[in-house]
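Taken together, the values in this text are just the output of simple stated rules run on the coordinates, not laboratory data. What you are looking at is a predicted structure, and each value in this text was computed from that prediction instead of being measured. Note: ideal-geometry Cβ built from the backbone for every residue, glycine included; neighbour counts use all protein chains shown.
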Amino acid sequence: MGNASQYPLHKTIKKLLPKAASKYVDRRVKLHLCDAVVISYPKCGRTWLRAMLTLYFAKIYNTPRDVLFDFANIHRSDSRVPKIFFSHEADYKGSPDRISIDRRRLEAKKLIFLARDPRDVIVSLYAHRLRRDRNWDGPIKDFIASAEGGFATALRYFTLWSGFLEGHGDAVVVRYEDLHSDPQRTFQAVLSHLEQPIDHIALAETVEETQFAQLRHMESQGGFRSNRLNAGHIDDPQAFKVRRGVVGGFVEDLYPGLISQVSTMMDRELQGAFGYQAGSGD
């Protein structure tokens, strides 16, 4: 069972349609069929959440533990597992004015929004594109200032979603920082939102098995049959999907003047949304 085990005609759509059209149709079908949508900007912990869901359902429903959660692939093993569409819902390599929300299709959906301090997001995304995807070449200050896919794009994304989620009746926000500080309580909130049974022993075991050191080991060993959690370049630790996972790590990667610049931008644009403010300790 691989990533292609999504829904009937998934392979046919990918084979027959051009890439852009295939992605459009695939998104529409998944939004229609899914039980919930996980929305996140890149580097906000969605692969971590996929792994947690995979291992938890393996424990309570005896589904495969080496198949990383991807829409309906595990649902096909046991119908009690919800169909979850994981989506960035944004062109994160584009300019801020290209960020938008498909309100009509998302307002009636059960949503899980993953949030993370945008300063950590931009540093982690820079490392990902420089060392894993290898589609960016330049210093981090240029990446942050880029008119397409830079810090302004990330801030626009979080600002728009903060406003949309305030009026949504069936959404939960999961902060990356809370997954670190209280993973058991935070993951339990996700399961409750998905209307899944809470097995406290399975929950505790899942949290233990998905600590960053464990996930990094699984990635290096190919523990999941998925390109989403396989080491991109095994000889380069910075190219791992599970790279470092440090809360507030941006202070180690940016010089003081750049920290001040991005913090000022964040405070001005986010106005404290999701609890992110310079100097707040998050």
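When you go through (1) within 14 Å of the chain's Cα centre (by Cα); (2) surrounded by fewer than 22 Cβ atoms within 10 Å (Cβ to Cβ) one by one for Y41, which number turns out not to apply?
Y41 satisfies every listed condition except (2).
Going through the range 37-66 one residue at a time, which ones are farther than 28 Å from V247 by Cα, in contact (Cβ under 8 Å) with a residue 60 or more places away in the chain and assigned to a loop (DSSP other than H, G, I, E, B)?
Our first condition is that a residue be farther than 28 Å from V247 by Cα; within the range 37-66, this holds for 58-64.
Then drop every residue that is not in contact (Cβ under 8 Å) with a residue 60 or more places away in the chain, which leaves 59-60, 64.
Once the filter is applied, which keeps residues that are farther than 28 Å from V247 by Cα, in contact (Cβ under 8 Å) with a residue 60 or more places away in the chain and assigned to a loop (DSSP other than H, G, I, E, B), the range 37-66 yields only P64.
Given R185, R134, R175, which one is over 19 Å from M52 (Cβ atoms) and of a type in the set (K, R)?
That would be R134, the only listed residue that is over 19 Å from M52 (Cβ atoms) and of a type in the set (K, R).
Condition first: small (G, A, S) and either part of a helix (DSSP H, G or I) or over 17 Å from E195 (Cα atoms) (or both). Now tell me which residues in the range 67-84 satisfy that.
The answer is S77, and nothing else.
State the number of residues belonging to the range 159-180 that are part of a helix (DSSP H, G or I) and in contact with a Lys or Arg (Cβ under 9 Å, 6 or more places away or on another chain). Talk me through it step by step, then tell me what you get.
The initial filter retains those residues of the range 159-180 that are part of a helix (DSSP H, G or I), namely 159-166, 176-180.
Those left that are additionally in contact with a Lys or Arg (Cβ under 9 Å, 6 or more places away or on another chain): 164, 176-178.
The total comes to 4.
Can you tell me which residue among Y61, Y56 is in contact with an Asp or Glu (Cβ under 6 Å, 6 or more places away or on another chain) and under 27 Å from P8 (Cβ atoms)? Give the steps one after another, and end with the answer.
Details: Y56 fails: in contact with an Asp or Glu (Cβ under 6 Å, 6 or more places away or on another chain).
None of the other options fit; the residue is Y61.
Quickly run through the range 247-271 and pick out the residues that are under 22 Å from G45 (Cβ atoms) and aromatic (F, W, Y).
Of everything in the range 247-271, just one residue is under 22 Å from G45 (Cβ atoms) and aromatic (F, W, Y), namely F250.
Take G163 and decide whether it is closer than 20 Å to A36 by Cα, among the small types (G, A, S) and surrounded by fewer than 18 Cβ atoms within 10 Å (Cβ to Cβ).
So G163 passes the test.
Take G138 and decide whether it is among the small types (G, A, S), at positive phi and within 17 Å of the chain's Cα centre (by Cα).
Values: among the small types (G, A, S): yes; at positive phi: yes; within 17 Å of the chain's Cα centre (by Cα): no.
Judged against the criteria, G138 is not a match.
Name every residue in the range 169-192 that is surrounded by fewer than 19 Cβ atoms within 10 Å (Cβ to Cβ) and over 16 Å from the mean Cα position of the chain (by Cα), in order of residue number.
If the condition is that a residue be surrounded by fewer than 19 Cβ atoms within 10 Å (Cβ to Cβ) and over 16 Å from the mean Cα position of the chain (by Cα), then G169, D170, S181, D182, Q184, R185, Q188, A189, S192 are the ones that fit.
Only one residue in R98, R27, R116 is under 13 Å from the mean Cα position of the chain (by Cα) and not hydroxyl-bearing (S, T, Y), so which one is that?
Numbers: R98 fails: under 13 Å from the mean Cα position of the chain (by Cα); R27 fails: under 13 Å from the mean Cα position of the chain (by Cα).
Answer to the check: R116.
Look at D102 and say whether it is acidic (D, E) and within 21 Å of F274 (Cα to Cα).
The answer is yes for D102.
List the number of the failed condition for F113; all other conditions in (1) touching a residue at least 12 places away in the same chain (Cβ under 8 Å); (2) buried (at least 16 other Cβ atoms within 10 Å of the Cβ); (3) assigned to a loop (DSSP other than H, G, I, E, B); (4) not polar (S, T, N, Q) hold.
(3)
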